[in-house]
1. Under a GNM of the chain (C-alpha, springs under 10 Å), which listed residue has the highest mean-square fluctuation: Arg413, Arg123, Arg31?
2. As an exercise, use a Förster radius of 30 Å and the Cβ-Cβ distance of Asp152 and Arg332 to find the FRET efficiency, rounded to the nearest 0.05.
3. So, in nm, how far is label Ser135 from label Arg362 when the simple model puts each one 7 Å beyond its Cα toward the Cβ?
4. Kindly flag which residue pairs out of Lys108/Lys378; Lys72/Lys177; Lys96/Lys309; Lys108/Lys177 have an alpha-carbon separation exceeding 21 Å in this structure.
5. Hey, what's segment 290-414 come to in accessible area per residue, 1.4 Å probe, Å²?
6. So with the 1.4 Å probe, I'd like the accessible area per residue for segment 107-149, rounded to whole Å².
7. Would you mind putting 374-385, 69-80, 203-214 in packing order, based on average other-beta-carbon counts within 10 Å, highest first?
8. Ignoring ligands, DNA and RNA, what percent of the 1.4 Å accessible area of segment 1-114 is carbon and sulfur?
Amino acid sequence: MAQPDHLGPFAAVSSFVETAADVLDLPQSTRHALRTPSRELRVEVPIRRSNGDHEVYVGYRIQHDNSRGPYKGGIRFHPTADLDEVRALASLMTWKTALVDVPFGGAKGGIEVDASQFSRQEREQLTRRYARAISDVIGPTIDIPAPDMATDAQVMAWLLDEYEELKGHSPAVVTGKPVALGGSPGREAATGTGCLICLDELLAEQGREPAGTTIAIQGYGNVGSWAARRATAAGYRVVGVSDVHGAIVRPDGLDVDRLDRHVSETGSVTDFDSADPIDGGELLMLDVDVLIPAAVGGVITAENADRVKAGVIVEGANHPVTPAADAALADRGVTMIPDILANAGGVTVSYFEWVQNVQRFRWTEERVNAELRSVLVKAFREVSSTAAELGVDRRTASFVLALRRVTEAARLRGRLFDDPRPIDPAIPGS
Ligand code: NAD
């Protein structure tokens with residue numbers, strides 16, 4: 001029986017951290033230190049709209065932890081990107097970078113704005129004002145932003161340009177840039193690709209085949225659409241997708257190429273002529289093998305978890321499943337590939353992009369994709385073996401591995417005062 005949901009985003013993420021901290025028997029002061037963000041910047045972002053109106057938005061850059069390297073995390077333009085949400089996302093970045101073992105910490109930024117109706121010029125103005133406001137706390141060895149919801153390579157190009165106006169040539173200050181400005185081949189597809197690398201690994205572990213495996217995807221933006229393309233290419237059957245406007249279903253499989261053309265012409269998956277419309281909420285309840293939530297957080301809750309029919313959930317989005325829903329799904333034997341593993345492909349290739357910028361050397365797309373696969377397969381297998389060894393679920397195992405690495409780094413730096421215990425080398429990730 002599911003517990004009622006009552007936690008906000010940061011408390012929800014922290015409760016997953018707590019579960020892993022219990023497994024590791026971490027002292028309270030260590031938990032407190034690991035939970036607390038290092039720095040939280042709130043900025044005003046004023047713009048003049050094309051109609052002459054003066055509007056002021058609120059933006060944030062939250063730096064959660066840098067024990068393992070410079071802060072790293074995306075920037076989101078979304079009405080729900082408030083302090084608590086951005087704090088939750090910053091915390092997730094700390095655990096994600098640690099789990100896939102890239103030498104970064106965790107951060108996140110956002111502006112509380114619905115920019116969907118903004119002109120290109122208004123989006124540029126918003127980005128430049130925000131970039132200027134956070135310019136003193138970011139930098140190639142300090143904090144490196146990237147795209148997230150409603151931001152893309154173009155937004156990163158404006159951010160880079162504004163930063164360089166102030167500080168000089170610094171391509172490594174931001175990742176997810178256009179390739180022409182030092183971006184990495186493969187970065188745009190990386191998060192959706194990573195979801196599929198994890199799913200392939202899970203199926204291989206379970207002795208199952210992609211062919212005939214059905215998938216529903218919530219959200220058809222960067223992550224969702226790339227997951228759909230990668231899934232189709234690998235022989236999975238994508239039977240339903242959705243976006244903020246609605247959802248569509250086709251039981252014998254969507255033609256993703258045609259759907260992409262429809263989305264680029266109309267801006268939405270709705271009204272696609274070779275599929276049936278369904279309610280957006282119903283997408284999560286489709287009778288499929290695999291569900292990939294790839295939109296916003298908190299969409300699978302105690303209220304709807306018992307109606308989710310998929311046996312596997314791959315968290316393309318950040319914190320799409322609440323702790324209460326997570327417990328209910330685990331009780332029913334649903335296999336979860338948690339966000340900090342499933343969607344870590346984006347930050348992994350962001351790391352490769354940063355490395356290329358620092359080295360002044362461009363990698364091929366083949367090399368990027370091969371290195372991405374090896375990083376994620378290694379992380380996936382470490383999660384599986386840790387889960388088996390400790391008798392915990394994959395989410396807890398993922399956080400255990402991440403917490404071990406961050407705790408070790410923080411301890412070696414002398415940031416944690418109360419626990420001189422040596423790290424156990426027998427456990428992966430220590
Ligand atoms: P995006 O802006 O490119 O796409 C978001 C999609 O979700 C759009 O299709 C939008 O219409 C849809 N959507 C929004 N609200 C919805 C709702 N309530 N119901 C159904 N659909 C809805 O964003 P993105 O970059 O694809 O990010 C999606 C998720 O993946 C976010 O949680 C983000 O934090 C996470 N993520 C993104 C990356 C990345 O590299 N872009 C990396 C890791 C995690």
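The values are calculated or read from the model by the stated rules, or taken from the named source; none is laboratory data. Everything quoted here is computed from the prediction, not taken from an experiment. Virtual Cβ from ideal backbone geometry, glycine too; neighbours counted across all protein chains shown. Only protein heavy atoms, including side chains, enter the accessible area calculation; ligands, DNA and RNA are left aside. Shrake-Rupley method; radii C 1.70, N 1.55, O 1.52, S 1.80 Å.
1. Arg413
2. Working: r = 37 Å, r/R0 = 1.23.
E(calc), rounded to 0.05, equals 0.25.
3. Going by the 7 Å Cα→Cβ label model, 2.8 nm.
4. On the way: Lys108/Lys378 25 Å; Lys72/Lys177 15 Å; Lys96/Lys309 27 Å; Lys108/Lys177 17 Å.
Over 21 Å apart, Cα to Cα: Lys108/Lys378; Lys96/Lys309.
5. Working: 4350 Å² over 125 residues.
Result: 35 Å² of accessible area for each residue.
6. Values: 1700 Å² over 43 residues.
Using a 1.4 Å probe on heavy atoms only, each residue of segment 107-149 averages 40 Å².
7. For the peptides 374-385, 69-80, 203-214, the packing ranking is 69-80, 374-385, 203-214.
8. For segment 1-114, the apolar C and S fraction of the accessible surface comes to 50 percent.
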